[in-house]
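The values are calculated or read from the model by the stated rules, or taken from the named source; none is laboratory data. Since the model is a prediction, treat every value here as computed from it, not as a measurement. Don't worry about glycine lacking a Cβ; one is built from the backbone with ideal geometry, like all the others, and counts go over all protein chains shown.
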Amino acid sequence: MPLFSFRQRRFIAIALTLVAMLVMLGIVLIQTVRLANVAMLTGATLLCCIILLALFGMRRRIPILPLGSMSTWTQVHIYMGFFTTGVYWMHVPHLLGSGIFELPLSLVFLLVTGSGFYGLHASRTVPKLLTAVEGQHHFDRVKWDREQIADHARKLLEELSVHVGIPVLDSFYTQHLNPFFNSRPSLTYVLVPTGGRRRKLLSDLKDLERHLESEGRGMAERFAELIQQRDDLDYQFALQLRLRLWVTFHSILTLALVTGGLIHSFLAFRLAG
């Protein structure tokens, strides 16, 4: 049994982060009164924090290393990120740098910070949304799963061709279901996945039932099951793609920030010397 509960650990982590920020702020104020080069102090601290955050991020993506649990490193990454944001404010009090090199570098830092906060939000919400959908699909198998659902729908269509009494269902498949099962979700859906298209198809399919006999209604129900399976698959694909794109975006920006920070520090030390 852990020594502290999750809520207690979070409270301790927040308290330690705030104390670290206050200590850093106190040192900055004292050095300012002494007319010391505060920018060098805050800049060096900021660069060290950024490099540590990059290393923490790499550690989180290599789970096989025996260096503590993933959840622990994730929490360290989060609260170190909050502390780094505070140090950045001490280093760049006007939010954006004023130099030719400093302005884009500060913009990259703000983008990394913003994407980090988004990642924190997504890591709390997306897993819950994924588990709320029936069935779990692996991202790398989405194309294969789509083909399986489309193939199942085609087999139902072949069964339809045997029953000449339900041409209305055959026509509905050709006009609406075939494009749905055999095409990728639109960019709009991927960006903002909703259940609108599923509800529309299921509603239209339900309206056809009054024109169908009992056997046709049974086939309509089977099509409805496939519609829900395909929509659930696309929904999970959109959420998983969102996480993967965020990881890529955040990693590229972090690499650019570390590189820019090292160059900026080198130039600052040369000018100071």
So residue 47 passes all but one of these: (1) at pLDDT below 90; (2) at negative phi; (3) not basic (Lys, Arg). Which condition number does it fail?
(1)
Flag if residue 151 is surrounded by fewer than 17 Cβ atoms within 10 Å (Cβ to Cβ), at pLDDT 90 or above and assigned to a helix (DSSP H, G or I)
yes
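If you check 245, 212, which single one turns out to be out of contact with any Asp or Glu (no Cβ under 6 Å at 6 or more places or on another chain), under 30 Å from residue 102 (Cα atoms) and of a type in the set (A, V, I, L, M, F, W, C)?
Going through 245, 212 in turn, the sole match is 245.
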Within region 239-273, tally of residues that are among the small types (Gly, Ala, Ser) and buried (at least 17 other Cβ atoms within 10 Å of the Cβ):
3
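Only one of 256, 268 is under 30 Å from residue 43 (Cβ atoms), assigned by TED's automatic domain parsing to the domain that holds residue 99 and either at pLDDT below 85 or not in a helix (DSSP H, G or I) (or both). Can you tell me which? So that I can check it myself, show each step before the final result.
Details: 256 fails: either at pLDDT below 85 or not in a helix (DSSP H, G or I) (or both).
Unique residue meeting the criteria: 268.
Would you say residue 158 is of a type in the set (D, E, K, R), assigned to a helix (DSSP H, G or I) and either over 30 Å from residue 75 (Cβ atoms) or under 17 Å from the mean Cα position of the chain (by Cα) (or both)? Let's see the steps before the verdict.
Values: of a type in the set (D, E, K, R): yes; assigned to a helix (DSSP H, G or I): yes; either over 30 Å from residue 75 (Cβ atoms) or under 17 Å from the mean Cα position of the chain (by Cα) (or both): yes.
So residue 158 passes the test.
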Qualifying position, being more than 30 Å from residue 116 (Cα to Cα) and outside any helix (DSSP H, G or I), among 171, 183:
183
Residue within region 25-41 that is assigned to a helix (DSSP H, G or I), surrounded by 12 or more Cβ atoms within 10 Å (Cβ to Cβ), under 32 Å from the mean Cα position of the chain (by Cα) and not polar (S, T, N, Q) present:
no
Filter region 76-108 down to the residues that are part of a helix (DSSP H, G or I), farther than 17 Å from residue 22 by Cα and not β-branched (Val, Ile, Thr) and list them by number.
77, 102, 103, 104, 105, 106, 107
